[in-house]
Amino acid sequence: MIRFGRYLIIRHRKKECAKSFSARLVALVVRYSGNMSDLRDVIIVGSGPAGYTAAIYLGRAGFKPLVIAGALTPGGQLVNTTEVENFPGFPDGIIGPELMDNMQRQAEKFGAEIVWDDVVSVSNNDATGVKTVSVDQGDVFETHALIIATGSEYRKLGIPGEAEYSGKGVSYCATCDGFFFRDKPIIVVGGGDSAFTEADFLSRFGSSVTLIHRRSEFRASQILVERAQQNPKITIVTDSVVEEILGDDNGAQSVNIRNVITGETSTIAANGIFVAIGHSPTTAFIDGIVQRDVDGYIQVDGASTRTSTAGFFAAGDCVDSIYRQAISAAGMGCRAALDAQAYLQQ
């Protein structure tokens, strides 16, 4: 474990997460035993902006929601984010873990109960409408309504050396691992907001940062692109892909890249390779119960959060493959709470 400000970075089974000290204490000493006779009004699976916002709204409405927050990665992608500059209400910015800690405490203030565990399966009784949720530690919960706000997980390159050097140079979280590469060459792969944000953050540690993107245009916000272009420690390489990660017993040492236009190949020294090429929705556990698209995103009815199965609602990045912003996820969490409340009051 290491400190990051007033937060703990907990490394376990090659997974990283950040929790406030108080949340970590709760996770260690408090366990909730599921009781099949305790039929709840609503359960929320996921603890990012969508999940916690839904919990705040439902808690204020008196429904006492249960939030299954996850065992190792509560708080969603924001716990791996340094400074959040575009969430309304924070003119000076706020670090991601602190924002999620605030949301968690606000949800608990209004009566939300939080379980630090992972959902492994969900079933639905078509006759009664009761949903059954099983978690990794063996507890089982029943509910009338279920909100899915599980977000997404890191997408991988799928190239030689990536798995071999994962945790030995290859990383998907700059906040978690950037300090390990102080005064060492770093590569960031990607062209979106996450890639440019991570490149800027990593420039505080690495001797150099090379951002590699397969196209000549970027999906990132213009302000982030300009910030990177003005940073003397960042070099941007476009129209190129990483084809292989090379290393030795000490970890990753370099990458082979190929220009997709000319076909020219080259090798760039790198001890840290940070992959920021997007995410895949975390929805496999709900397969067969609600409709998903070909990429795994849960499909909802129009502008609502209602899924194809009555009593199931979805919000946040497990639904949204376009905007993928904390504020839009929070807005969907609000809608999910209101949709669930209307369902429960029928």
Under 19 Å between alpha carbons: how many lysine pairs meet that in the chain, if sequence neighbours fewer than 8 apart on the same chain are excluded?
10
Here are labelled values, [x] 0.97; [y] 0.93; [z] 1.00, and one is the computed Rg/Rh (Cα atoms, Kirkwood Rh) for what I pasted. Which one?
[z]
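How many percent of all Cα-Cα pairs in region 298-342 sit more than 13 Å apart? Mind dumping the intermediate values first?
Details: 461 of 990 pairs.
Tail of P(r) above 13 Å: 47 percent of Cα pairs.
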Compactness index (Cα Rg / 2.2 N^0.38 Å), region 204-289
1.34
Cα pair distances in region 199-238, grouped into 10 Å bins until the bin that holds the longest one, percent each
31, 59, 10
What nm value, rounded to one decimal, do you get for the distance between D248 and R105 when each label is placed 7 Å out toward the C-beta?
4.9
Mind listing P(r) for region 65-165? All alpha-carbon pairs, 5 Å bins, whole percents.
2, 10, 16, 17, 16, 15, 10, 8, 4, 1, 0
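Which is the longest run of the chain containing none of the GluC sites (Glu not before Pro) found in DSSP loop states (not H, G, I, E, B) with at most 15 other C-beta atoms within 10 Å?
Values: sites that count: E85, E164, E217, E264.
Longest gap between qualifying sites, sites excluded: 1-84.
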Round to the nearest 0.05 the FRET efficiency obtained for S308 and L39 when R0 = 25 Å and r is the Cβ-Cβ distance.
0.60
Which FRET efficiency, nearest 0.05, do R219 and E85 yield, Cβ-Cβ r, R0 25 Å?
0.90
Run the simple label-point estimate for T132 and Q345 please: 7 Å along Cα→C-beta, distance reported in nm.
3.1
Distance in nm between T235 and F285 label points, each 7 Å along Cα→Cβ, equals 4.4
Please give the peptides 269-282, 292-305 ranked by average Cβ packing (other Cβ atoms within 10 Å per residue), highest first, as a rough proxy for protection.
269-282, 292-305
Rounded to the nearest 5, what % of DSSP beta bridges with both residues in the chain are antiparallel?
55
Quick one: order D38, D177 from most to least accessible surface, probe 1.4 Å.
D38, D177
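So which chymotrypsin sites (Phe, Trp or Tyr not before Pro) in region 162-242 are both in a DSSP loop and have at most 11 other Cβ atoms within 10 Å of their Cβ?
Numbers: sites: Y165, Y172, F179, F180, F181, F196, F201, F205, F218; in loops: Y165, Y172, F205, F218.
Sites meeting the loop and neighbour criteria: none at all.
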Modelled FRET efficiency - R0 51 Å, D293 with D183, Cβ distances, 0.05 increments
0.70
Cα-based helix-to-principal-axis angle, 193-202 vs the chain, degrees rounded to 10:
60
Report, to the nearest 10°, how far helix 96-109 tilts away from the longest principal axis of the Cα atoms in the chain, using its own Cα long axis and a range of 0 to 90°.
10
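The values are calculated or read from the model by the stated rules, or taken from the named source; none is laboratory data. Every value quoted in this text rests on a predicted model; they were computed, and no experiment measured them. Ideal geometry is used to build each Cβ from the backbone, glycine not excepted, and the neighbour counts take in all protein chains shown. Note: accessible area is taken over every heavy atom of the protein model, side chains too, but ligands, DNA and RNA are not part of it. Shrake-Rupley method; radii C 1.70, N 1.55, O 1.52, S 1.80 Å.
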